There are 2 protein chains.
Amino acid sequence: MKKWKRSARLVDMTQQLLREPHRLIPLSDFAERYQAAKSSISEDLAIVHEVFQQEGSGFVETVSGAAGGVRYIPRAGWERSRETALRLCRELENPSRILPGGYLFLSDLLGDVSLVREIGLIWASFFHDREVDAVVTVETKGIPLAYATASYLGVPVVIIRRDSRITEGSVVTINTVSGSSKRLGSLSLSRRSLQEGARVLVIDDFMKAGGTVRGMIDLMSEFRAEVVGVGVMAETLTEERLVEESASLATVTDIDVKQNRIAVQLGSLFR
Amino acid sequence: MKKWKRSARLVDMTQQLLREPHRLIPLSDFAERYQAAKSSISEDLAIVHEVFQQEGSGFVETVSGAAGGVRYIPRAGWERSRETALRLCRELENPSRILPGGYLFLSDLLGDVSLVREIGLIWASFFHDREVDAVVTVETKGIPLAYATASYLGVPVVIIRRDSRITEGSVVTINTVSGSSKRLGSLSLSRRSLQEGARVLVIDDFMKAGGTVRGMIDLMSEFRAEVVGVGVMAETLTEERLVEESASLATVTDIDVKQNRIAVQLGSLFR
C-alpha cells in the first residue's frame with residue numbers, strides 16, 4: 001500500500017464520488033485506500049464539497065454514525081439549469097424540426113449525450129427530496145433522459161414497452177388512448193421489473209395532452225407503485241390535460257406550419 | 001475573478017474533464033478560469049493524468065499547437081474490464097432469468113445504471129482507435145448501453161426504430177429476417193439522423209444468430225456509413241452466424257430449461 005499525496009487523493013476522491021452519485025462510501029474506505037488519517041480525509045472532502053457547491057454540480061453529504069460515510073449528491077444550480085433549458089428552447093425553435101402533421105423532430109436532441117446528461121442532472125436535482133426508488137419511462141425516446149436522471153439519482157431505470165415482448169416474461173398490460181390524436185395503444189411492463197410500493201419518477205421526452213404519461217401513471221398503480229414526480233423535456237400548450245402535476249423544461253406554445261415557425265418558452269419548472 | 005488554490009483547482013479540473021470525455025479544453029481556458037500560470041495548470045494536469053492512469057479510468061491527453069488543449073480520454077484497464085465482464089457473467093448465470101422459449105430476462109441488468117456505465121466504458125476503450133462518429137443501436141434494450149458508450153466517446157447516439165414513426169420524418173427502411181427464429185421484421189432510421197460517410201459503432205444487448213445486427217449493418221450501408229465496430233453485451237453460441245466481426249462481453253454457452261441452468265463464459269473480447 002503506497003501513501004497518497006493530498007493532490008492525488010483529491011483527484012481520486014473527486015473521481016470516485018462523481019462516478020457513483022448517492023452511493024455511501026465509508027470514511028474508513030478512504031482512510032484505508034489512501035493510508036491517511038480520517039481527519040485528513042475529512043479536510044479533503046471539505047475541499048471537494050466546497051468546489052462542487054461553488055460550481056453548481058452538487059455537494060458531498062456526510063452521514064455520521066457506525067453505518068456512516070460520505071456520498072455525492074448531484075444538484076444543479078438554478079443558473080446552470082436555466083442555461084440548459086434555454087439552450088433546449090433555442091434548439092426546439094429551429095423550424096427545420098417541423099414534420100408533416102405538426103410533429104417535431106427531436107431524435108437529434110435525444111442523441112446529444114451532453115444535453116441529455118445536463119437534463120438528467122436537472123431532474124435529479126428537482127426531484128431530489130422525493131426518495132425515488134426507480135425512474136420509469138416508456139420506449140423509445142424517453143430512455144436516454146430516464147437513464148441520465150437515474151444515473152444522477154443512483155437508482156435503476158424501468159422501461160415500459162409499447163407492446164409486450166417475449167423477452168419480458170410475465171407482463172402487466174394496460175390499454176391507452178392518446179389524448180391528442182385519440183389513437184389506441186397499449187403499455188406493458190414485466191411483473192418483475194418493479195417492486196410493490198416503489199416510489200417512481202416518471203420521465204418522458206414530449207407531452208401533448210398527456211395520454212401516454214397518464215397511461216404510465218395508471219400502469220404504476222397496477223404495481224401499487226407511487227408516482228412521486230413527472231418530468232417531461234418539452235410539452236405543448238393544450239386545453240385538455242390528462243396529467244395534473246408535471247414539470248417541463250420547455251413549453252412549445254405554437255407550431256405554425258404555414259409560417260414555418262415554432263414558438264418556445266421556458267417550461268413550468270421555471271415559472 | 002478569485003484566485004483558486006491548487007487543491008480546489010485539482011477537484012474542479014477533474015470534474016470538468018470527467019464531465020465531457022473527448023472534449024478539447026484549451027489550456028488558456030483553465031489559466032483564465034483559475035487565474036494561474038499555464039505552467040501551474042500543466043503541473044495540475046500531470047497529477048490528474050497520473051491518478052486517472054493508475055486507477056484505470058483513462059488519461060489526460062495534451063494536444064499541442066494553436067488549436068491545442070487537453071482532453072480526457074476514458075480507457076478502462078484490462079483488470080477493471082474483466083471484473084465488470086465477470087460480474088455480468090455471474091448475473092447472467094442466474095437461472096431465474098430463463099423465460100419460456102429459452103429466452104433470457106435481461107431488463108434488470110440494462111436498468112442497472114452502474115453496470116451499464118461500466119460496460120459503456122469498456123466499449124469506448126476497446127473501440128477507442130476507430131475514430132467513431134456516432135454510436136448506433138436498435139430500440140429498446142440496446143439504448144442504455146449505446147448511450148453509456150457514446151457518453152464516454154463524446155459522440156451522439158443514433159437509434160434505429162423497429163417500425164417507422166411519424167415523429168422521425170423521412171426514413172429509410174429495410175426488411176430483416178431473424179437468423180434464429182426466421183421471423184420477419186423491419187428497421188427504420190430517419191434520413192437526417194446520420195451524415196453520409198459517418199463512421200459508426202454498432203452496439204446491442206444480445207445477439208443470437210445476428211439477424212438484427214446484420215440488419216443494422218445493411219441499413220448503415222444505405223446511409224453510406226461505415227461500421228467500424230460491433231459490440232454486444234452477450235451472445236449465444238450458434239452455428240450460423242450472420243455477423244463476422246463482433247465483440248462480446250459474455251457468451252451464453254448453454255440454456256438448459258429442464259435442468260434450470262445457464263452456462264456463461266467470458267465473451268470474445270477476453271479470448
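Going by a ≥ b ≥ c, the root eigenvalues of the Cα gyration tensor, does segment A:6-74 fall in the rounded group (a/c under 1.5), the prolate group (a/b larger than b/c) or the oblate group?
Details: a/c = 1.65, a/b = 1.21, b/c = 1.37.
Here segment A:6-74 falls in the oblate category.
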Query raised in the report: How well do other chains shield peptide A:54-61, expressed as the mean number of their Cβ atoms within 10 Å of each residue Cβ?
Result: 2
Query raised in the report: Which listed residue (B:TYR34, B:ALA67, B:HIS22) has the Cα farthest towards the positive end of the charge dipole for segment B:1-144, taking +1 on Lys and Arg C-beta and -1 on Asp and Glu C-beta about the Cα centre?
Result: B:TYR34
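Which of the chymotrypsin sites (Phe, Trp or Tyr not before Pro) found in segment A:99-190 are in a DSSP loop and have at most 13 neighbouring Cβ atoms, other than their own, within 10 Å? Numbers along the way, then the final one.
Details: sites: A:TYR103, A:PHE105, A:TRP123, A:PHE126, A:PHE127, A:TYR147, A:TYR152; in loops: A:PHE105, A:PHE127.
For chymotrypsin sites (Phe, Trp or Tyr not before Pro) across segment A:99-190 that sit outside H, G, I, E and B with at most 13 neighbouring Cβ atoms in 10 Å, the list is empty.
How crowded by other chains is B:146-154, given as the mean number of beta carbons from other chains within 10 Å of each beta carbon? Don't jump to the answer; show the numbers that get you there.
Details: counts 4, 11, 3, 1, 5, 8, 1, 1, 2.
That works out to 4 on average.
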Query raised in the report: Between copies, how close do the A:ALA31 label points come, placed 7 Å along Cα→Cβ, listed in nm from shortest?
Result: 4.3
Query raised in the report: When the Kirkwood hydrodynamic radius is evaluated over all pairs of different C-alpha atoms of chain B, what value in angstrom, to one decimal, is obtained?
Result: 20.3 Å
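If you average the sequence gap of Cα pairs under 8 Å that are 6 or more apart and divide by the length of chain B, what percent do you get for the contact order? Before the final figure, lay out the partial values.
Details: 512 pairs, mean separation 38.4, N = 271.
Taking the mean separation of contacting Cα pairs over the length of chain B, I get 14 percent.
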Query raised in the report: Taking a point 7 angstrom from the Cα of B:GLU240 along the C-beta vector, which residues in segment B:165-194 have backbone N less than 13 Å away?
Result: B:177-184
Query raised in the report: What shape does segment B:185-271 have by the C-alpha gyration tensor, where a ≥ b ≥ c are the square roots of the eigenvalues, rounded means a/c under 1.5, and otherwise prolate means a/b greater than b/c and oblate the rest?
Result: prolate
Report summary line: Karplus-derived 3J(HN,Hα) from phi for segment B:203-215 (6.51 cos²θ - 1.76 cosθ + 1.60, θ = phi - 60°), whole Hz, x at Gly and Pro, runs 10, 8, 7, 9, 10, 9, 6, x, x, 5, 5, 4, x
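Full-extension gain between A:GLU43 and A:LYS258, please, as 0.36 nm times their residue separation minus the C-alpha to C-alpha distance.
Details: separation 215, 0.36 × 215 = 77.40 nm, distance 6.15 nm.
Using 0.36 nm per residue and subtracting the Cα-Cα distance, I get 71.2 nm.
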Requested in this report: Give the distance, in whole Å, between the Cα centre of segment A:166-238 and the Cα centre of segment B:208-233.
Outcome: 31 Å
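Distance check, please: which entries in A:LYS208/A:LYS258; B:LYS208/B:LYS258; A:LYS182/B:LYS182; B:LYS2/B:LYS38; B:LYS182/B:LYS258 exceed 27 angstrom between their Cα atoms?
Numbers: A:LYS208/A:LYS258 20 Å; B:LYS208/B:LYS258 20 Å; A:LYS182/B:LYS182 35 Å; B:LYS2/B:LYS38 17 Å; B:LYS182/B:LYS258 24 Å.
Pairs exceeding 27 Å: A:LYS182/B:LYS182.
Need one word for segment B:108-206: rounded, prolate or oblate. Basis is the Cα gyration tensor (sqrt eigenvalues a ≥ b ≥ c); a/c below 1.5 gives rounded, then a/b vs b/c decides. Please report the intermediate quantities before stating the final value.
Numbers: a/c = 1.85, a/b = 1.31, b/c = 1.41.
Judged from the Cα gyration tensor, segment B:108-206 comes out oblate (a/c at least 1.5, b/c at or above a/b).
What FRET efficiency do you get for B:ARG183 and A:GLU93 if R0 is 45 Å and r is their Cβ-Cβ distance, rounded to the nearest 0.05? Can you show the working numbers first?
Values: r = 42 Å, r/R0 = 0.94.
Working from the Cβ atoms, E equals 0.60.
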Requested in this report: Give, rounded to the nearest 20 debye, the magnitude of the charge dipole that chain A has about its Cα centre when Lys and Arg contribute +1 at Cβ and Asp and Glu contribute -1 at Cβ.
Outcome: 560 debye
Report task. Could you pull out every residue, at least 5 positions away or on a different chain, whose amide H is within less than 5 Å of the one on B:THR176? Hs are placed 1.01 Å off N in the peptide plane, and Pro or chain starts have none. Result -> B:GLY185, B:SER186, B:LEU187
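Can you give the mean number of other chain Cβ atoms that lie within 10 Å of the Cβ atoms in peptide B:104-117?
Details: counts 2, 7, 2, 13, 5, 1, 5, 13, 4, 15, 7, 1, 5, 4.
Mean number of neighbouring Cβ atoms from other chains: 6.
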**Report entry** Residues listed by number, segment A:192-208, amide nitrogen under 12 Å from A:SER170 label point at 7 Å toward C-beta
**Finding:** A:192-193
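Scan segment B:173-210 for trypsin sites (Lys or Arg not before Pro) in coil per DSSP, keeping those whose Cβ has at most 13 other Cβ atoms within 10 Å, and list them by number. Don't jump to the answer; show the numbers that get you there.
Details: sites: B:LYS182, B:ARG183, B:ARG191, B:ARG192, B:ARG199, B:LYS208; in loops: B:LYS182, B:ARG183, B:LYS208.
Counting only loop positions with at most 13 other Cβ atoms within 10 Å, the trypsin sites (Lys or Arg not before Pro) in segment B:173-210 are B:LYS182, B:ARG183.
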Query raised in the report: Shortest first, in nm, what separates the label point of B:SER180 from those of the same position in the other copies (7 Å along Cα→Cβ)?
Result: 3.7
Query - Euclidean distance of C-alpha centroids, segment B:1-62 and segment A:31-102, integer Å - result: 18 Å
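Can you pull out the chymotrypsin sites (Phe, Trp or Tyr not before Pro) in segment B:1-91 whose DSSP state is coil and whose Cβ has at most 15 other Cβ atoms within 10 Å? List each step's numbers first, then the result.
Details: sites: B:TRP4, B:PHE30, B:TYR34, B:PHE52, B:PHE59, B:TYR72, B:TRP78; in loops: B:TRP4.
Passing both the DSSP loop test and the Cβ count: no residue.
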Requested in this report: Tell me the distances, shortest first, between B:SER64 and the same position across the other copies, using label points 7 Å along Cα→Cβ, in nm to one decimal.
Outcome: 5.3
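Suppose we keep just the DSSP beta bridges with both residues in the protein assembly as shown; what percent of those would be antiparallel, to 5? The partial results should precede the final answer.
Values: 46 of 86 bridges.
Just about 55 percent of them are antiparallel.
The numbers here are math on the coordinates, done by the rules we state, and not lab data. The shown structure was predicted, so the numbers you read here are calculated from the model rather than taken from an experiment. Heads up, the Cβs are rebuilt from the backbone with ideal geometry, glycines too, and the neighbour counts pull from every protein chain shown.
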